[in-house]
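The values are calculated or read from the model by the stated rules, or taken from the named source; none is laboratory data. The structure presented is a predicted model; accordingly, all values stated were derived computationally and were not measured. Please note: Cβ atoms are built from the backbone with ideal geometry, for glycine as well, and neighbour counts cover all protein chains shown. Keep in mind that these areas ignore ligands, DNA and RNA; they rest on the heavy atoms of the full protein, side chains included. Shrake-Rupley method; radii C 1.70, N 1.55, O 1.52, S 1.80 Å.
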Amino acid sequence: MLLSDSDSSHGGKSKTFGQISRNRLLHELLQTSKSEDSRSSWKKVLIMDKVTLKVMSHSCKMSEITEQGFPLVEDLYRRRQPFPSKDAIYFIQPSKENIVMLLSDMSGREPLYRKAYVYFSSPVPKHLLTHIKNDYSVVPRIAALREMNLEYFSIDNQGFITDHERALEELFSDEAEHSRRFDACLNEMATRIATVFASLKEFPSVHYRAAKGIDGTTMTTFRDLVPTKLAAAVWNIITTYKTSIPDFPQKETCELLIVDRSVDQIAPIIHEWTYDAMCHDLLNLDGNRYVHEVPRKSGGTPEKKEVLLEDHDPVWLELRHTHIAEAGVRLHEKMTSFVSKNKAAQLQQRDGIELSTRDLQKMVQALPQYSEQMEKLSIHVEIAGKLNKIIKDMGLRELGQLEQDIVFGDAGTKEVINFLRKNQEQRKVNRLRLMMIYAAVFPEKFEGDKALKLMQLARLSESDMKAVKNMKLIEECDSRSASKGTFSLMFDTEKRKPAARKDRTGKEETWALSRFYPMIEELIEKLSRGELPKDEYHCMNNPTTPLSNGASQVASTVPHSMRSRRTATWAKSRFSDDASSKHDSVLTTAPGDLKKTGQRLFVFIIGGATRSELRVCHKLTAKLRREVILGATSIDDPAQYIEKLKLLSEEELSIDELKI
């Protein structure tokens, strides 16, 4: 009676991960129960719980669900009107509470619906399946009972989250080891990750960051074992798919790498200078929602309108991974191009004087043929203008330069002290982020009185100090026991190089502040080449056949660049060759090109991922000719990540504890 329905036939490798997820929901789930009478598709109700509703909303729009014949979407736990002449599709988690609600709906002389098509988001425990089968009054009314195996949340065509916002706290905090939530969090996370591979019908080689104490030379902590435990849990679930899901691969078809936030503590807090990251870092967005003001033709108070910065917006799709300065250049070129092709706009241009992007925006808005496409373009001109003003007002260029100089070993204590003394009015959160970057690169500088002096110079509160201190809790190895009651940032490292990472380019950057890259970029490239260090990264399975990446080998990393660190230009002339928009975004690659790519690469980050890491996955998809998919417990902006770090320890940190 129970079937595993994880067919990706609507997708295949010619479609991206996000497209396959969407198609499975719209076609496999919502079209399965269609009858010969086309009008009957409008006689159905879609019922979901809180989790599956979120799964659906991450992949599909309400209008798309309605088009499939479901004008009514109901919450499983809300009081619902009976529709005895309608069929109902239940898309729910396989929990005891949900099963009870389902049986209650369909039992008795007058069930709420005629027939129930039941789809579970993940594998159903046997005892719950037995509970359903034992209700003889309900079984005849169940038209389908299937495991949909889709319990992840698509955030992008190449990204998903498991929606564990508190993963850092539940897995890495002081109290995590003895908390019931530790195992519950890991098991639920593993289940949701596994459904990704069920959906795509992919059988992965499961690589993971190994605990350094396993060799017996150092002490292993429960935190260090988190990636190992998650990898084992994912592997155990996926191996059952070989027998439970029809046509599931019996040999490895892709690769999965599981790491935690310890592989890169700088990426979540450094200022990322791409358009997407700056929007979420600097603007007061509600998720992906941006509220802007539209002037009324009649004058008066401007009208407030809400827009979504998402893949359905072609301008956003093109600009989101570009440098903020390049985004401004492209927007100006688009506005100029529109004006040059519009006679009415040309008449408004005064004496051939070059207009600013803002002037062009106002001109375009006043035109009678002002289209939806131009409205989107105008919105992005407004956003880019706001971002540039914030960058200027907050002095972020100087701060951003110092952050990257620290990371690449071109700045140290002297430069940090000089900046803090000279920029007393810099926002507290930016001072904190600077100190966190400095602590991650040079933990030895925070020993003894140096830590106290730096903290006092940065004028950080006790709560802020806790964020810096708690970075230690997710460091790669916690083998050296620090004295209780003291504050130490010696992250148990061996000989540390003067820089956290090396330059990866052998030429000058077109845009300043674009040197930084997340560490997963190196890890993904090594994974693709089969060069992950075996002493640091283990594999749950020995692949039965060598995985082919379907692409030429990636060139080895270029040695540390000897170029001047301040020669790149913030924003070159709009008419210079370097500022040309001919450098298309990697996202302009047609989905059909994926037919020619090699096997998929998956990276999952426990503790949250960043927008820069999602950008890297898009970049490497084009470079490696393999679809790279990023998974994470959540997607965090810097402010969110810092607040989560503060929750890792409950006790307050006093000034006295800074002294050794």
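A few points about this structure:
- When we screen Ala512, Ala500, Ala482 for residues that are of a type outside the set (Val, Ile, Thr), surrounded by 19 or more Cβ atoms within 10 Å (Cβ to Cβ) and either at pLDDT 90 or above or closer than 30 Å to Phe222 by Cβ (or both), the only hit is Ala500.
- In this entry, Val329 passes the filter for residues that are in a helix (DSSP H, G or I), aliphatic (A, V, I, L, M) and touching a residue at least 40 places away in the same chain (Cβ under 8 Å).
- Meets criteria (under 17 Å from Glu272 (Cβ atoms), of a type outside the set (S, T, N, Q) and crowded, with 19+ Cβ neighbours inside 10 Å) for Arg433: yes
- Residue count for the range 164-181 satisfying the condition of being modelled with pLDDT of 95 or more and touching an Asp or Glu at 6+ places or on another chain (Cβ under 7 Å): 0.
So that you can scan it fast, the table gives a plain yes or no per residue for (1) under 25 Å from the mean Cα position of the chain (by Cα); (2) modelled with pLDDT of 90 or more; (3) of a type in the set (A, V, I, L, M):
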position: Ile324; (1), (2), (3): yes, yes, yes
position: Val339; (1), (2), (3): no, no, yes
position: Thr357; (1), (2), (3): no, no, no
position: Ile391; (1), (2), (3): yes, yes, yes
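- Test result for Gly385, open to solvent by 20 Å² or more (accessible area, probe 1.4 Å) and either touching a strand residue (DSSP E or B) at 6+ places or on another chain (Cβ under 9 Å) or modelled with pLDDT under 95 (or both): yes
- Looking across the range 1-57, the residues that are more than 21 Å from Leu72 (Cβ to Cβ), modelled with pLDDT of 55 or more, outside any helix (DSSP H, G or I) and of a type in the set (A, V, I, L, M, F, W, C) come down to Leu2, Leu3.
- Applying a threshold of 6 Å to beta carbon distances and a minimum spacing of six or more residues, or different chains, the list of pairs starting in the range 61-85 at a residue that is without any contact (Cβ under 8 Å) to a residue 60 or more places away in the chain and ending at one that is buried (at least 16 other Cβ atoms within 10 Å of the Cβ) and of a type in the set (Phe, Trp, Tyr) reads Phe83/Tyr113.
- Screening Asp405 against (1) more than 24 Å from Gln640 (Cα to Cα); (2) open to solvent by 20 Å² or more (accessible area, probe 1.4 Å) leaves a single unmet condition, (2).
- Flag for Ile642 being under 20 Å from Asp163 (Cα atoms), touching a residue at least 60 places away in the same chain (Cβ under 8 Å), in a helix (DSSP H, G or I) and β-branched (Val, Ile, Thr): yes
- Looking only at residues in the range 183-220 that are at pLDDT 90 or above and of a type in the set (Asp, Glu), the one that is surrounded by the most Cβ atoms within 10 Å (Cβ to Cβ) is Glu202.
- In the range 281-315, the qualifying residues are those that are touching a Leu at 6+ places or on another chain (Cβ under 7 Å) and over 21 Å from Pro638 (Cα atoms), and the one that is least open to solvent (accessible area, probe 1.4 Å) is Val315.
- On the stretch given as the range 609-639, residues that are open to solvent by 20 Å² or more (accessible area, probe 1.4 Å), part of a helix (DSSP H, G or I), closer than 21 Å to Leu317 by Cα and of a type outside the set (Lys, Arg) total 1.
- Residue check, Gly395 in contact with a Pro (Cβ under 8 Å, 6 or more places away or on another chain) and open to solvent by 10 Å² or more (accessible area, probe 1.4 Å): no
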